[in-house]
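Undergrad: What follows is a structure written as structure tokens; I'll ask about it next.
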Amino acid sequence: MTIPSMNAGWYPAPDGSGQSWWWDGAQWVPPQLEAPPVPPAGPGTLRLAVVVQVLLFTSAALALATVAVEAFGIASVDDYLGGNDGATSTIATYDTLSAVVALLSLVVLVGTGILWVIWQHRLATQALGRTRRSPGWHVGSWFIPVVAWWFPYQNVSDLWRAVGRTRPGWQVAWWGLWIASSVTGGISGQMSFRAQSLEEYLVAMIASLLSSLLLFVAAFFAARLVRQLTRAYA
């Protein structure tokens, strides 16, 4: 079975076995006849993976801090709406804490994102020719609207296949939690920006709390992904 128009990549096996075979652009390569192993990751990539994991755990800690701050704010606003005028001081405290935690979270998230794409680019470079997209696409797909909802997940799945490993089932949970956290966080931001009353702010705070909870769990799955995928390339 030869299909010249197909790009090199992993496709369903032509024998109907349900496996994935590598198409090198000219012929099918069954698993038992695959090319030599991907070159092992260098010390720099291994150290980078450790730093990314540390930042992910830091993001998880800050997400948990956000949950605590939002819970404090929700209780304060609810207390004020219940008739306690003295709650204005605790609401002011919430505003200060929320601003500090949000700034720290943004700094860590940006730093994590930058180092993550560098780490992923390095693995994709090692697996050059064995994934459906180039190393550049492994980076760029994270920043392109619409494409960013799905391509990064496919790219990470390809990195597993490139070293003969099956994508772990929990990777779906990681991606689903990340998408859900991003969507919920975006909704929370829009609601907070447009809020005209404390009641509307309260709903935005609840959405922010939910987004942070989702991010907290997603960060742990992400750290696990970095650790295990890096080991597969070591």
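Undergrad: Could you go through segment 212-232 and let me know if any residue there is assigned to a helix (DSSP H, G or I), surrounded by fewer than 16 Cβ atoms within 10 Å (Cβ to Cβ), free of Cβ contacts under 8 Å to residues at least 40 places away in the same chain and over 13 Å from the mean Cα position of the chain (by Cα).
TA: Looking through segment 212-232, at least one residue is assigned to a helix (DSSP H, G or I), surrounded by fewer than 16 Cβ atoms within 10 Å (Cβ to Cβ), free of Cβ contacts under 8 Å to residues at least 40 places away in the same chain and over 13 Å from the mean Cα position of the chain (by Cα).
Undergrad: Here's another thing I want to ask about it. Checking Tyr80 against (1) farther than 30 Å from Asn7 by Cα; (2) at pLDDT below 95; (3) within 17 Å of the chain's Cα centre (by Cα): exactly one of these is not met. Which one?
TA: In the conditions (1) farther than 30 Å from Asn7 by Cα; (2) at pLDDT below 95; (3) within 17 Å of the chain's Cα centre (by Cα), Tyr80 misses (3) alone.
Undergrad: Still on this structure: Could you check, for segment 162-180, whether at least one of its residues is in contact with a Lys or Arg (Cβ under 6 Å, 6 or more places away or on another chain) and open to solvent by less than 40 Å² (accessible area, probe 1.4 Å)? So that I can check it myself, show each step before the final result.
TA: To start, the set of residues in segment 162-180 that are in contact with a Lys or Arg (Cβ under 6 Å, 6 or more places away or on another chain) comprises 162.
This time we only want the ones that are open to solvent by less than 40 Å² (accessible area, probe 1.4 Å), so: 162.
Yes, because at least one residue in segment 162-180 is in contact with a Lys or Arg (Cβ under 6 Å, 6 or more places away or on another chain) and open to solvent by less than 40 Å² (accessible area, probe 1.4 Å).
Undergrad: Do we have any residue at all in segment 132-153 that's touching a residue at least 60 places away in the same chain (Cβ under 8 Å) and either crowded, with 20+ Cβ neighbours inside 10 Å or under 20 Å from Gly42 (Cβ atoms) (or both)? Step through it out loud before you land on a result.
TA: Going residue by residue through segment 132-153, those that are touching a residue at least 60 places away in the same chain (Cβ under 8 Å) are 132.
Subsequent filtering for residues that are either crowded, with 20+ Cβ neighbours inside 10 Å or under 20 Å from Gly42 (Cβ atoms) (or both) retains none.
The answer is no; no qualifying residue exists.
Undergrad: On to the next question. Filter segment 124-153 for residues that are over 20 Å from Ser182 (Cβ atoms) and not in a helix (DSSP H, G or I); which is modelled with the lowest pLDDT?
TA: Gly129
Undergrad: Identify all residues within segment 206-225 that are over 13 Å from Ser105 (Cβ atoms) and of a type outside the set (A, V, I, L, M); write none if there are none.
TA: Here is the first cut: in segment 206-225, the ones over 13 Å from Ser105 (Cβ atoms) are 206-207, 209-210, 213-214, 217-218, 220-225.
Those that are over 13 Å from Ser105 (Cβ atoms) and of a type outside the set (A, V, I, L, M): Phe220, Phe221, Arg224.
Undergrad: Would you call Met205 open to solvent by less than 40 Å² (accessible area, probe 1.4 Å) and either of a type in the set (S, T, N, Q) or outside any loop (DSSP other than H, G, I, E, B) (or both)?
TA: Values: open to solvent by less than 40 Å² (accessible area, probe 1.4 Å): yes; either of a type in the set (S, T, N, Q) or outside any loop (DSSP other than H, G, I, E, B) (or both): yes.
Against the criterion (open to solvent by less than 40 Å² (accessible area, probe 1.4 Å) and either of a type in the set (S, T, N, Q) or outside any loop (DSSP other than H, G, I, E, B) (or both)), Met205 qualifies.
Undergrad: What are the residues in segment 190-202 that are open to solvent by 40 Å² or more (accessible area, probe 1.4 Å) and part of a helix (DSSP H, G or I), if any?
TA: Matches in segment 190-202: Gln190, Met191, Ser192, Phe193, Arg194, Leu198, Glu199, Glu200, Tyr201.
Undergrad: Next question. Within segment 100-131, which residues are of a type in the set (S, T, N, Q), buried (at least 17 other Cβ atoms within 10 Å of the Cβ) and within 22 Å of Ala41 (Cα to Cα)? Quick ask: steps written out before the conclusion?
TA: As a first pass, look at segment 100-131 and keep what is of a type in the set (S, T, N, Q): 105, 112, 120, 125-126, 131.
In the following step, the residues that additionally are buried (at least 17 other Cβ atoms within 10 Å of the Cβ) were identified as 105, 112, 120, 126, 131.
Selection gives Thr112, Gln120, Gln126, Thr131.
Undergrad: If you don't mind, there's one more thing I want to ask. Can you tell which of Ala99, Ala65, Ala61 is of a type in the set (Gly, Ala, Ser) and touching a residue at least 12 places away in the same chain (Cβ under 8 Å)? Walk me through how you get there before you give the answer.
TA: On the way: Ala99 fails: touching a residue at least 12 places away in the same chain (Cβ under 8 Å); Ala61 fails: touching a residue at least 12 places away in the same chain (Cβ under 8 Å).
Of the residues listed, the single one that is of a type in the set (Gly, Ala, Ser) and touching a residue at least 12 places away in the same chain (Cβ under 8 Å) is Ala65.
Undergrad: Follow-up question, since we're still on this one. Tally the residues that are within 22 Å of Leu97 (Cα to Cα), small (Gly, Ala, Ser) and open to solvent by 20 Å² or more (accessible area, probe 1.4 Å), restricting the search to segment 34-83. Give the steps one after another, and end with the answer.
TA: Kept after step one, since they are within 22 Å of Leu97 (Cα to Cα), are these residues of segment 34-83: 55-81.
Remaining after also requiring small (Gly, Ala, Ser): 59-61, 63, 65, 68, 71, 73, 75-76.
With the extra rule that they be open to solvent by 20 Å² or more (accessible area, probe 1.4 Å), the set shrinks to 61, 65, 68, 71, 75.
Total satisfying the criteria: 5.
Undergrad: All but one of (1) outside any helix (DSSP H, G or I); (2) under 15 Å from Phe216 (Cβ atoms) hold for Gly83, so report the exception by its number.
TA: Going through the list (1) outside any helix (DSSP H, G or I); (2) under 15 Å from Phe216 (Cβ atoms), Gly83 breaks only (2).
The values are calculated or read from the model by the stated rules, or taken from the named source; none is laboratory data. This one's a predicted model, so the numbers in the text were calculated from it and none came from an experiment. Ideal geometry is used to build each Cβ from the backbone, glycine not excepted, and the neighbour counts take in all protein chains shown. Heads up: the accessible areas ignore ligands, DNA and RNA and are worked out on the full protein's heavy atoms, side chains in. Shrake-Rupley method; radii C 1.70, N 1.55, O 1.52, S 1.80 Å.
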